[in-house]
Amino acid sequence: MDQQNHSNTVPWMLSLKVSGEGLDFAAIEQGLALRATDTRTKGELLNKLPPIVSEEDCWLYEIELSDNEGTDPRMHALLLALEAADQTLAALRARHEVALCLYVQSDYAQIFYRLMPDTLSRLARIGLPLEVSMVSWGGLRFSTNGT
């Protein structure tokens, strides 16, 4: 597959993910004051061929990022909003897995993003783990003739 076909196929994405057994999607939305962008229930068919079903309930709030420039400010804004829901987050963390997920894609062999200390501090105060998934298509070209 030509590397150019990969360009912009998967945007950078920042997601708040709550997963586990017996999620009450409406209660999560109300408690966090965030409307889910996607939900999945245990046993739900996710893919027909090959057949893949969701192994657990999952509630997602996703923010599409255009590139690295928006990562820290958008994450900081989401964490600020989540601080207001600290009791709901604590209750969710006690019974379910809750994580902030950053999905990053690059057409080049290097991927860069920066999180500022105040964002990292806020992430620690809220008690959310940060999962980072990176895909690089490795599109750097090297010359063997020295030019």
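The values are calculated or read from the model by the stated rules, or taken from the named source; none is laboratory data. The model shown is predicted, which means the values in this text are computed figures rather than measured ones. Using ideal geometry, Cβ is built from the backbone for each residue, glycine included, and neighbour counts are taken over all protein chains shown.
From the list Leu102, Leu82, the one residue that fits, being closer than 24 Å to Val135 by Cβ and buried (at least 17 other Cβ atoms within 10 Å of the Cβ), is Leu102.
Confirm whether Arg93 is of a type in the set (Lys, Arg), over 18 Å from Lys17 (Cβ atoms) and surrounded by 11 or more Cβ atoms within 10 Å (Cβ to Cβ). Quick ask: steps written out before the conclusion?
Working: of a type in the set (Lys, Arg): yes; over 18 Å from Lys17 (Cβ atoms): no; surrounded by 11 or more Cβ atoms within 10 Å (Cβ to Cβ): yes.
So Arg93 fails the test.
Out of all the residues in region 22-61, which are under 23 Å from Leu123 (Cβ atoms) and buried (at least 16 other Cβ atoms within 10 Å of the Cβ)? I'd like the intermediate steps shown before the answer.
Taking region 22-61 and keeping what is under 23 Å from Leu123 (Cβ atoms), we get 23, 28-29, 31-38, 58-61.
Once the filter is applied, which keeps residues that are under 23 Å from Leu123 (Cβ atoms) and buried (at least 16 other Cβ atoms within 10 Å of the Cβ), region 22-61 yields Leu23, Ile28, Leu32, Leu34, Ala36, Cys58, Trp59, Leu60, Tyr61.
In this entry, Ser136 is excluded by the filter for residues that are on the phi < 0 side of the Ramachandran plot, of a type in the set (Ser, Thr, Tyr) and modelled with pLDDT of 90 or more. Scanning region 105-125 for residues that are surrounded by 12 or more Cβ atoms within 10 Å (Cβ to Cβ), within 16 Å of the chain's Cα centre (by Cα) and either of a type in the set (Lys, Arg) or within 30 Å of Gly22 (Cα to Cα) (or both) gives a single hit, Leu123.
Whenever a residue of region 121-137 is under 20 Å from Ile111 (Cβ atoms), its partners that are among the aromatic types (Phe, Trp, Tyr) and not in a helix (DSSP H, G or I), lying with C-beta atoms within less than 7 angstrom and at least six residues away or across chains, give the pairs Ser133/Tyr103; Ser136/Tyr108. Pairing each residue of region 45-69 that is at positive phi with any residue that is at pLDDT 90 or above and in a strand (DSSP E or B), provided the two are 6+ apart or on different chains, yields no C-beta distance under 7 Å.
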